[in-house]
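Below you'll find the structure, written out as structure tokens, and then a few comments.
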Amino acid sequence: GVVSTQGTGEKLESYKKPTQSGKPRRDRFEATLAGSLLLQGLFKLGLVGKLEEGLCSLSEDHIVYLCTNPQSSHAIQAFLTSAAISSSVKHRFIKTSVFVLDKLVMTPSGSRIVEAMWAASSNELKSAIGQVLLSKEQAIKDNTYGSIVWKNCNLKAFKLGVNSWEEAERMKKKKVESFEKLIGDKNEKEETLDSIQISNGNEGKVGGDHSEDVKARDIRQAKKSKKQRKG
């Protein structure tokens, strides 16, 4: 059936579709390990700069190439997962790439990119991603990599309707936040216990040293008294 996006903000039709021409030529456009590692380092530090304009102006063919290539896909993933890059910059790239997600989702590297895009998206963008993936539902579900994305992105709930999907997303987010709080409280408690144990250990050590000092002093006094009696 047709998926309604009513109440989710922007619609897929409002996104600017990238150009279809511009197939990568190996003599001018080739992903390398060194280049990928350099970009990963820059993206992790949030150093996007002029690269933003280049990323968001890519043709369909270039997007597919970069996101499915084993080398360059790691750089794209670093861009999408970097805590130092703003959501608005990531969203701009995702809007450019959303129309080719059906070509990415069924490949080893591209499927990881789709999941990274999903995680970095707002509900409005997730709605657009969901529309594209639902258009190739059966092919995606029959594919090894596509089926993993289908499950991890909870597209079954999205297919049932926007309201139930958004509720499922809120519940999922709430569970993650509760888990993170639980882990945080546990770590804090363990740190407190460790500090108490260290403190107790130091106190015991001080007490032990003091006891040894008293014992040595008593021995010295006993020897002194013995000498005096002999004198």
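The values are calculated or read from the model by the stated rules, or taken from the named source; none is laboratory data. This one's a predicted model, so the numbers in the text were calculated from it and none came from an experiment. Neighbour counts run over all protein chains shown; Cβ positions are idealised from the backbone, glycine included. Protein only, heavy atoms only, side chains kept; ligands, DNA and RNA dropped before computing areas. Shrake-Rupley method; radii C 1.70, N 1.55, O 1.52, S 1.80 Å.
Each of Ser121, Ser88 has its accessible area taken with a 1.4 Å probe; listed largest first, they run Ser88, Ser121.
Once you have the alpha carbon radius of gyration of segment 61-136, what is it after dividing by 2.2 N^0.38 Å, with N set to its residue count? Don't skip to the answer; put the middle values down first.
Values: Rg = 11.2 Å, N = 76, 2.2 N^0.38 = 11.4 Å.
Normalised Rg, Cα atoms only: 0.99.
Given a cut-off of 19 Å, name the pairs among Lys126/Lys159; Lys44/Lys90; Lys151/Lys172; Lys44/Lys103 whose C-alpha atoms lie farther apart than that in the structure shown. With Cα atoms farther than 19 Å apart: Lys44/Lys103.
Just to confirm, what accessible area per residue do you get for segment 55-158 at 1.4 Å probe, in whole Å²? Before the final figure, lay out each step's value.
Working: 3810 Å² over 104 residues.
Accessible area per residue: 37 Å².
Model label sites at Cys56 and Glu177, defined 7 Å from Cα along the beta-carbon direction, differ in position by 2.8 nm. Kindly list the residues of segment 117-143 that lie in the label zone of Glu169, defined by a backbone N under 11 Å from the point 7 Å along the Cα-to-C-beta vector. Inside the label zone: 118-131.
If you count, for each residue, the other Cβ atoms within 10 Å and average over each peptide, how do 154-161, 113-120 line up from highest to lowest? Intermediate values should be presented prior to the final figure.
Numbers: 154-161: 16.5, 113-120: 21.2.
Top of the packing list down: 113-120, 154-161.
In the context of the full protein assembly, Phe99 retains an accessible surface of approximately 50 Å², using a probe radius of 1.4 Å and ignoring ligands and nucleic acids.
Report the FRET efficiency, 1/(1 + (r/R0)^6), for Leu160 and Leu47, where r is their Cβ-Cβ distance and R0 is 41 Å, rounded to 0.05. Present the calculation step by step, with values, prior to reporting the outcome.
On the way: r = 41 Å, r/R0 = 1.01.
That gives a FRET efficiency of 0.50.
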